[in-house]
Amino acid sequence: MKKLMVVASALMVLGAVNVQADEGEKTYKAACFVCHDAGIAGSPKIDDKAAWAPRIAQGLSKLEEHAIKGFKGKTGVMPPKGGRVDLSDDVVKAAVKYMVDRVK
Ligand code: HEC
(Lines give C-alpha, C1' and ligand atoms only; values in the text may rest on other atoms or scores of the structure.)
Protein backbone atom coordinates (compact mmCIF):
# COMPACT_ATOMS: atom_id res chain seq x y z
CA MET A 1 0.00 0.00 0.00
CA LYS A 2 2.76 2.42 0.93
CA LYS A 3 4.61 1.54 -2.28
CA LEU A 4 1.51 2.27 -4.27
CA MET A 5 1.25 5.71 -2.71
CA VAL A 6 4.86 6.46 -3.61
CA VAL A 7 4.24 5.42 -7.21
CA ALA A 8 1.05 7.48 -7.33
CA SER A 9 2.73 10.62 -6.04
CA ALA A 10 5.69 10.14 -8.40
CA LEU A 11 3.25 9.97 -11.29
CA MET A 12 1.55 13.13 -10.07
CA VAL A 13 4.88 14.95 -9.99
CA LEU A 14 5.64 13.76 -13.53
CA GLY A 15 2.20 14.89 -14.62
CA ALA A 16 2.77 18.35 -13.18
CA VAL A 17 6.10 18.67 -14.97
CA ASN A 18 4.45 17.72 -18.25
CA VAL A 19 1.69 20.23 -17.80
CA GLN A 20 4.27 22.93 -17.17
CA ALA A 21 6.24 21.99 -20.29
CA ASP A 22 3.10 22.02 -22.45
CA GLU A 23 2.02 25.29 -20.91
CA GLY A 24 5.37 26.85 -21.74
CA GLU A 25 5.25 25.84 -25.37
CA LYS A 26 1.60 26.86 -25.69
CA THR A 27 2.29 30.27 -24.14
CA TYR A 28 5.36 30.80 -26.29
CA LYS A 29 3.37 30.02 -29.43
CA ALA A 30 0.55 32.30 -28.36
CA ALA A 31 2.40 35.31 -26.97
CA CYS A 32 6.15 35.24 -27.55
CA PHE A 33 6.81 33.82 -31.01
CA VAL A 34 5.75 37.01 -32.79
CA CYS A 35 9.03 38.60 -31.78
CA HIS A 36 11.27 35.76 -30.64
CA ASP A 37 10.75 33.39 -33.60
CA ALA A 38 12.52 35.74 -36.00
CA GLY A 39 14.35 37.98 -33.53
CA ILE A 40 12.09 40.94 -34.29
CA ALA A 41 12.67 44.33 -32.61
CA GLY A 42 16.06 43.24 -31.27
CA SER A 43 14.74 40.25 -29.36
CA PRO A 44 16.99 37.24 -28.83
CA LYS A 45 15.87 34.71 -31.42
CA ILE A 46 14.71 31.34 -30.16
CA ASP A 47 17.35 28.62 -30.68
CA ASP A 48 20.12 31.25 -31.11
CA LYS A 49 22.61 29.96 -28.55
CA ALA A 50 24.99 32.92 -28.89
CA ALA A 51 22.20 35.43 -28.28
CA TRP A 52 20.92 33.55 -25.26
CA ALA A 53 24.16 32.53 -23.52
CA PRO A 54 24.91 35.91 -21.84
CA ARG A 55 21.24 36.30 -20.92
CA ILE A 56 21.02 32.83 -19.39
CA ALA A 57 24.18 33.65 -17.44
CA GLN A 58 22.10 36.16 -15.43
CA GLY A 59 20.15 33.25 -13.96
CA LEU A 60 16.64 32.00 -14.60
CA SER A 61 14.99 34.21 -11.98
CA LYS A 62 16.36 37.37 -13.63
CA LEU A 63 15.01 36.22 -17.00
CA GLU A 64 11.63 35.48 -15.45
CA GLU A 65 11.56 38.90 -13.81
CA HIS A 66 12.41 40.62 -17.11
CA ALA A 67 9.77 38.62 -18.98
CA ILE A 68 7.07 39.39 -16.38
CA LYS A 69 7.84 43.03 -15.58
CA GLY A 70 9.28 43.98 -18.93
CA PHE A 71 12.81 45.06 -19.61
CA LYS A 72 14.73 47.56 -21.69
CA GLY A 73 18.13 46.25 -22.69
CA LYS A 74 20.84 47.05 -25.20
CA THR A 75 18.99 45.68 -28.21
CA GLY A 76 15.38 46.67 -27.65
CA VAL A 77 12.39 46.60 -25.35
CA MET A 78 10.82 43.46 -23.98
CA PRO A 79 7.23 44.45 -23.08
CA PRO A 80 5.83 43.11 -19.78
CA LYS A 81 4.60 39.55 -20.51
CA GLY A 82 5.18 40.22 -24.21
CA GLY A 83 2.24 42.62 -24.09
CA ARG A 84 -0.09 39.91 -22.85
CA VAL A 85 -0.75 41.27 -19.36
CA ASP A 86 -3.69 38.87 -19.08
CA LEU A 87 -1.24 35.97 -18.70
CA SER A 88 -0.42 34.67 -15.24
CA ASP A 89 3.14 34.95 -13.93
CA ASP A 90 3.32 31.15 -13.88
CA VAL A 91 2.61 30.65 -17.57
CA VAL A 92 5.11 33.38 -18.48
CA LYS A 93 7.71 31.58 -16.32
CA ALA A 94 6.86 28.35 -18.13
CA ALA A 95 7.39 30.11 -21.48
CA VAL A 96 10.80 31.41 -20.32
CA LYS A 97 11.76 27.88 -19.30
CA TYR A 98 10.63 26.58 -22.70
CA MET A 99 12.82 29.16 -24.45
CA VAL A 100 15.83 28.46 -22.25
CA ASP A 101 15.45 24.69 -22.68
CA ARG A 102 15.53 25.11 -26.46
CA VAL A 103 19.09 26.48 -26.38
CA LYS A 104 20.46 24.02 -23.84
C1 HEC B 1 7.08 42.87 -28.99
C2 HEC B 1 8.14 41.89 -29.11
C3 HEC B 1 8.31 40.89 -28.00
C4 HEC B 1 7.39 39.95 -27.54
C5 HEC B 1 5.96 39.73 -27.99
C6 HEC B 1 8.09 39.18 -26.52
N7 HEC B 1 9.38 39.62 -26.36
FE8 HEC B 1 10.78 38.88 -25.09
N9 HEC B 1 12.12 40.28 -25.71
C10 HEC B 1 11.89 41.23 -26.69
C11 HEC B 1 13.08 42.04 -26.89
C12 HEC B 1 13.24 43.19 -27.87
C13 HEC B 1 14.04 41.55 -25.97
C14 HEC B 1 15.49 42.02 -25.79
C15 HEC B 1 15.59 43.27 -24.93
C16 HEC B 1 17.04 43.69 -24.81
O17 HEC B 1 17.85 42.90 -24.32
O18 HEC B 1 17.37 44.80 -25.19
C19 HEC B 1 13.41 40.43 -25.26
C20 HEC B 1 14.04 39.67 -24.29
C21 HEC B 1 13.46 38.60 -23.63
C22 HEC B 1 14.11 37.80 -22.64
C23 HEC B 1 15.54 37.99 -22.16
C24 HEC B 1 15.59 38.97 -21.02
C25 HEC B 1 17.00 39.24 -20.54
O26 HEC B 1 17.17 39.50 -19.35
O27 HEC B 1 17.96 39.16 -21.34
C28 HEC B 1 13.22 36.86 -22.21
C29 HEC B 1 13.46 35.80 -21.16
C30 HEC B 1 12.01 37.08 -22.95
N31 HEC B 1 12.18 38.14 -23.80
C32 HEC B 1 10.88 36.32 -22.78
C33 HEC B 1 9.69 36.54 -23.46
C34 HEC B 1 8.48 35.79 -23.22
C35 HEC B 1 8.35 34.65 -22.23
C36 HEC B 1 7.53 36.29 -24.06
C37 HEC B 1 6.07 35.85 -24.19
C38 HEC B 1 5.28 35.84 -22.97
C39 HEC B 1 8.15 37.37 -24.83
N40 HEC B 1 9.45 37.48 -24.44
C41 HEC B 1 7.51 38.14 -25.80
C42 HEC B 1 10.71 41.40 -27.41
C43 HEC B 1 9.55 40.66 -27.25
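Under the condition of being assigned to a loop (DSSP other than H, G, I, E, B), near the ligand (Cβ under 8 Å from one of its atoms) and surrounded by 12 or more Cβ atoms within 10 Å (Cβ to Cβ), the residues counted in the stretch 24-59 number 2. Just one of the listed residues (85, 100, 91) is in a loop (DSSP other than H, G, I, E, B), at pLDDT 95 or above and among the β-branched types (Val, Ile, Thr), and it is 85.
The values are calculated or read from the model by the stated rules, or taken from the named source; none is laboratory data. No experiment lies behind these values; they were computed from the predicted model shown. Heads up, the Cβs are rebuilt from the backbone with ideal geometry, glycines too, and the neighbour counts pull from every protein chain shown.
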